[in-house]
Amino acid sequence: MNKDSKKKPIVGVIMGSKSDWEIMKNCCETLKSFSINYDVRVISAHRTPKRLEKFIKECEKKNTKIIIAAAGGAAHLAGVTAALTTIPVLGVPIESVLKGIDSLLSTVQMPAGVPVATFAIGKAGAINSALFAVGILSRTYPDIHNKLKRYRLNFEKKVPKKPF
Ligand code: RP5
């Protein structure tokens, strides 16, 4: 990572409610394990729309590379974020009263033109969104690339060859 990116958050992590943190802390922990700077906030597209606009302006000014947006229910946070910026948006559907199926469909079913790369519901999606961000950043930052290669090699070591 270059000197500049060491100081600045290069990933923005937003979630619709404080209640999403239990899941999204897995995303932040994953970013942290790759020493990636992130800026994490509670921002709701419908409860705090002004906060969302302000955050996106800040991200553009700071040259944030990726925004990860998590929400549950009528989960429009990722889509509205993507509509307001050209920074790539990764969406994490959070479990809901409908088991997250509503969140998944609201996040993934973007009409053509404004994409949101959508991940699995819940913890797996939170972790994979971070790993996907790591993968994108690894094409620019060799130290992140090395860490990602080490992470993958660990699977080889950790997964038993036999099931018994
Ligand atoms: C969404 O509504 C949030 O992302 C959260 O997943 C869900 C419920 O929010 P709370 O009522 O717990 O604040 O906007």
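Some observations on this one:
- Listed by first and then second residue, the pairs linking a residue in the stretch 14-34 that is closer than 16 Å to residue 128 by Cβ and of a type in the set (S, T, N, Q) to a residue that is assigned to a helix (DSSP H, G or I) and within 15 Å of the ligand (Cβ to nearest atom), with Cβ atoms under 6 Å apart and 6 or more places separating them unless they lie on different chains, are 26/123; 26/126.
- Subset tally (residues that are over 14 Å from the mean Cα position of the chain (by Cα) and assigned to a helix (DSSP H, G or I)) for the stretch 25-58: 11
- Flag if residue 98 is outside any loop (DSSP other than H, G, I, E, B) and either of a type in the set (Ser, Thr, Tyr) or modelled with pLDDT of 95 or more (or both): no
- Of all residues making up the stretch 145-164, the number that are within 12 Å of residue 134 (Cα to Cα) and of a type in the set (A, V, I, L, M, F, W, C): 1
- Matching residues in the stretch 16-51 - criterion: being of a type in the set (A, V, I, L, M) and either more than 10 Å from the ligand (Cβ to nearest atom) or closer than 27 Å to residue 152 by Cβ (or both): 23, 24, 31, 36, 40
- For the stretch 85-113, a residue qualifies if it is of a type in the set (A, V, I, L, M), within 14 Å of the ligand (Cβ to nearest atom) and more than 21 Å from residue 64 (Cα to Cα), and the qualifying residues are 94, 97, 98, 101, 104.
The values are calculated or read from the model by the stated rules, or taken from the named source; none is laboratory data. Everything numeric here is computed off the predicted structure, so don't read it as measured data. In this analysis, Cβ positions are derived from the backbone assuming ideal geometry, glycine residues included, and neighbour counts consider all displayed protein chains.
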